[in-house]
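Single-structure report; data block below.
Only the coordinates and a few stated rules stand behind these numbers; no lab work does. Everything quoted here is computed from the prediction, not taken from an experiment. Heads up, the Cβs are rebuilt from the backbone with ideal geometry, glycines too, and the neighbour counts pull from every protein chain shown.
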Amino acid sequence: MISWELRATEVAHYYNPAYVGRLLKEFVSAYENEKPNGVPYELTFIALPLVILKSFRLALPRTIRTQLHNWIEENSEYKIEFAATVKELIPIVKETLIFLLQKNLLVVNDKGKLIIGPERLNRKHQQDTEEILESINKAKFIGKWFAKAGEAATIYALWGIRP
């Protein structure tokens with residue numbers, strides 16, 4: 001991971017662990033509401049690109065009634081760039097997970113899955129822009145959507161990538 005001093009200002013702001021952590025925490029919370037046994041660690045690497053990148057975020061369906069496999073089949077053009085995007089964001093996801101785990105905002109349960117930790121984040125901030133609120137809502141959506149889509153290996157296979 002590049003030192004904070006060497007990162008471009010825009011990159012440092014957009015991918016800072018507090019902001020990305022807020023998105024991942026909303027994803028985990030929504031997933032956990034559907035499946036209380038926790039989120040497989042590897043799903044965080046797929047969830048983040050769908051939330052943080054506007055091109056993916058805007059293309060997602062409006063309802064979780066849309067089956068993941070159907071949506072991917074109908075929007076196969078997103079699979080082309082998805083694997084590269086996931087790979088590019090791996091350091092950001094890892095850095096964010098470390099931040100969340102250190103702050104006890106997420107914890108690993110006895111099954112090795114991520115669950116919401118005892119510490120809490122402020123839900124709404126005055127500086128939240130429309131894009132931030134849209135990202136938060138999509139993180140919640142993806143949490144519910146993935147919880148209904150099947151096992152992590154299935155979700156990875158649908159995207160055409162391996163954990």
**Report entry** Any pair with Cβ under 7 angstrom, 6 or more apart, that starts in segment 63-86 at a residue that is touching a residue at least 40 places away in the same chain (Cβ under 8 Å) and ends at one that is among the charged types (D, E, K, R)
**Finding:** ILE64/LYS144; ILE64/LYS148; ILE72/LYS79
Report summary line: Expected output for segment 147-163 (first residue without any contact (Cβ under 8 Å) to a residue 12 or more places away in the chain, partner assigned to a loop (DSSP other than H, G, I, E, B), Cβ below 7 Å, 6+ apart or cross-chain) is none
Query - Which numbered condition THR85 misses (of (1) over 23 Å from ASN33 (Cα atoms); (2) out of contact with any Pro (no Cβ under 8 Å at 6 or more places or on another chain)) - result: (2)
Report task. Considering (1) crowded, with 18+ Cβ neighbours inside 10 Å; (2) closer than 23 Å to GLU130 by Cα, say which one ALA59 fails and leave the rest. Result -> (1)
**Report entry** Lone unmet requirement of (1) more than 23 Å from ARG162 (Cβ to Cβ); (2) free of Cβ contacts under 8 Å to residues at least 24 places away in the same chain; (3) surrounded by fewer than 15 Cβ atoms within 10 Å (Cβ to Cβ) for GLU131
**Finding:** (2)
Report task. Please go through segment 33-44 and pick out each residue that is assigned to a helix (DSSP H, G or I) and buried (at least 20 other Cβ atoms within 10 Å of the Cβ). Result -> LEU43, THR44
Query raised in the report: Which residues, counting only those in segment 40-67, are more than 11 Å from the chain's Cα centre (by Cα), hydrophobic (A, V, I, L, M, F, W, C) and farther than 16 Å from ALA83 by Cβ?
Result: LEU58, ALA59, LEU60, ILE64
